[in-house]
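The values are calculated or read from the model by the stated rules, or taken from the named source; none is laboratory data. Given the structure is predicted, the values throughout are model-derived calculations rather than measurements. Counting neighbours? That spans all protein chains shown, and the Cβs are built from the backbone with ideal geometry, glycine included. Just so you know, the surface numbers come from the protein's heavy atoms only, side chains and all, with ligands and any DNA or RNA stripped out. Shrake-Rupley method; radii C 1.70, N 1.55, O 1.52, S 1.80 Å.
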Amino acid sequence: MFRGGKAAATFVATADDGNERHSGVEGTPISNSEWTEEGSGLSDSSSREERTTERATGGSEGASGDLQDLVHKAWQMTKAAVESSNIEKLEEAVVFAEKAADACSADPVLRSDALDSLGWARWVMFEETGIREHIERAVQAREEAVKICPPNHSDRPRLLGNLACVLYIRFQTSASIEDVDRCIALEEEILALAEPQNRSLQLNNLASSLIRRFEVTTNPVDLDRCITLQEEALESASPPDRPSGLWGLGGSLHTRFENTANMSDLEKSVAVLQEAVALSESDEDRRESQNSLGISLQTRYHQTRNMADLDQSITLFEAALELCSATHVKRPVYLNNLATSLGDRFRLGKNIADLDRVIALEEESLALTPPTHVFQSSRLCNLASSFDDRFDLNHDINDLEKCVTLYEQALALCPTTHVKRHDYLTSLARSLSKRFEHKRDVADLDRAIKLAQSALESLPPHHPQHSYCLNELSLLQLDHIRESRRNDFNHVCDYSTLRVDDVVHQLRQVADSYHGPSDQRLIGSLRWIDASKEFLQESLSDAYSAMYDILDVITTRGHSLETRYSQLTTDESITDAKTYFTDAVRFAISQNRPHDAVVFLERGRALLLAQVGHCRMPLDEIRGRDPELAAQLESVGRQLDRALASDPTRNSSDSDPIAQSMRLTSEWNALVDRARKLDGCHDFLKPTPFESLQQSASAGP
């Protein structure tokens, strides 16, 4: 029975982790710059201290020197606590800032400054602990600071910027469209008030908010405007600020590639980030530039399978990690990024040393994550997945037990309404299934089926991950049917009524679904073939035909000859599918269906010859007749592949990612219909009829 790899068990955190396990990396450079504490452009501590001291000595009219000193001390304590990342000092700073704000209740200017410091301390407390209450309190403090500050006061732009900053942080963990809309409104206001020397920073801050809104709404207007603003900001950036502007622009170009599959954006992202690395002088700029370039190179590796890109991404992630202190708040992100690239290399060479290092990196990342942190569950899953990989390699039951335990811990932390809960459920189900295979404890298989059913029931039929969940459930159900035929244990399971034809029908649904990722459709077709050979031969011909249809789509959707070759030779699902080609021909002959045997043989031959460029693929025929239509098929095909392969983790009233996948599917089908109307292309993405093959062969080889 074809089982495939860990095809869709991806775990996405929504803030600083922001990436998919084993298909992307943490800290994906989605936007520009780290948000500075000074949203108004006063981005260094000396500027902030100078401004506060000036207020303390000049002050608001009638303010006492004691109150001014109190507010200034509150800021100094907060600054020292932030620099030390010491929780006890941060707690002391919070208490003192609250007292200072209360003492200044009659002076709105001083009170707003004390509240601003309080918001800063609360924000850093959230980053250190992951406890949501702190970011909520930070927003409350800074909202009041803005509210009570006089409209024309010189400090208003700074307070507006700092409120936008904490709203932005809260948005990263909640994906609330209201928060990012407020950020954009605040940044627009600040940009209008910005002095020329601060304009570059404000452009970048506004760009950051726009790209975060794009992540929720998928409105390309926001992404395009973000890139335009970042390019404008670079034009006026001072030399010290240019590296951060470059790695921000490189990240946004990477994001646009992820959504349009336009390789020119990815190539430009790499070039921009290479310049950022070359220009970076500070440790922070070097670290961020190296990390961002590593991400873009890893993405390019996934497109081209060029090992040089993967090796360079590992080198860059290692360099970035060396520049990150043991207590730095972003160290877990860098650890996981390096682990992801090493994991890619492990899957190519199966070098246990790479996997051992992945596990060590992820264990360190998890150890640095407080139990209450919002990313605790995703990092538990990353580590569980790596133990799962190592069990597959060495069959050490201790690794599998650790895998099960970690997945159980992650699931316990995952709310029932969490958008990624189906991933947690299916991953735990899969590990329990493996333990059943090893220990033959029927309770594990029983529980695995229940978990897989819960995962499937949590998703609507057109969700991109519905096919994956149905695939996994079907595999478990077939395991149960197979085991029940070998050993009569129906009395201890809840699934004695399972019928083979129902499960085969589910696999047919997966293979025929235009709303599922191509790899999951292919896996479904291969499992359908295996199940039909074992239980239900009357559907076997349809299953083989479905496999070929899916392979034609995979090798047609917007891939160059080089990437097509890479896909056919390195993708696990496709490599497994090629072993089924001769079986298809043999089956057709055994059923006395020579016409089908010839068609199957020709379809397999065309796919195999495509590896070395000796066979034109269907899109090549369209390109020769209508280059514009071929380009549209290429573009929409890539976008559709990405939309279907993604697992949307955010929804809003403005955009429905499932509707986006359905829209792209409709566009693709309409383009295919247009292609079939071209002269000589009426069989586009259809098997060549036997009569046409017979006519082609009439003159001999």
Treat each spin label as a single point 7 Å out from the Cα along the C-beta direction, and report the Glu231 to Arg586 distance in nm.
-> 5.7 nm
Pull out the extension gain between Asp311 and Lys578, defined as 0.36 nm times the separation in residues minus the alpha carbon to alpha carbon distance; nm, one decimal.
-> 93.3 nm
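Using a probe radius of 1.4 Å on heavy atoms only, what accessible surface per residue do you get for the range 283-373? Whole Å² is fine.
Per-residue value: 37 Å².
Calculated FRET efficiency, His462 and His418, Cβ-Cβ r, R0 22 Å, to nearest 0.05?
Plugging the Cβ-Cβ distance into 1/(1 + (r/R0)^6) gives 0.65.
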Heavy-atom accessible area per residue - the range 164-225, 1.4 Å, Å² | 35 Å²
List the relative contact order of the range 209-367 as a percent without decimals, with contacts defined as Cα pairs under 8 Å and 6+ residues apart.
-> 14 percent
Could I have the simple spin-label model distance between Met263 and Lys677, label points 7 Å from Cα toward Cβ, reported in nm to one decimal?
-> 3.0 nm
For the range 230-352, the spread of Cα positions along each principal axis, largest first, Å = 48, 38, 21
Given 0.36 nm per residue, what is the gain on full extension from Arg331 to Asn152 after removing their alpha carbon distance, in nm?
-> 60.3 nm
From the P(r) of the range 184-247, can you give the percent of Cα pairs sitting at distances over 19 Å?
-> 29 percent
More than 19 Å apart: what percent of Cα pairs in the range 329-395 qualify?
-> 27 percent
Descending packing, highest mean Cβ count within 10 Å first, for 115-123, 511-519 is 115-123, 511-519
Computed ³J(HN,Hα) along the range 154-161: with the Karplus parameters 6.51/-1.76/1.60, θ = phi - 60°, integer Hz and x for glycine or proline, the list is 5, 7, 4, x, 5, 5, 4, x
Once label points are set 7 Å from the Cα along Cα→Cβ at both Glu188 and Ser176, what is their separation, rounded to one decimal in nm?
-> 2.0 nm
Rank Leu459, Leu640 by accessible area, highest first, at a 1.4 Å probe radius?
-> Leu459, Leu640
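Return a whole-number percent for the relative contact order of the range 321-453, with Cα pairs under 8 Å and 6 or more residues apart as the contact set.
15 percent
So, by mean Cβ neighbours within 10 angstrom, what's the order for 463-474, 344-355 with the highest one leading?
Numbers: 463-474: 25.1, 344-355: 16.1.
Averaged packing, sorted descending, gives the order 463-474, 344-355.
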Roughly how many Å² of Val272 are accessible to a 1.4 Å probe, to the nearest 10?
-> 20 Å²
Can you give the accessible area of Phe391 in Å² (nearest 10), computed on protein heavy atoms with a 1.4 Å probe?
-> 20 Å²
Once you have the Cα-Cα distance between Asn219 and Asp356, take 0.36 nm times their residue separation minus that, and quote the gain in nm to one decimal.
-> 45.2 nm
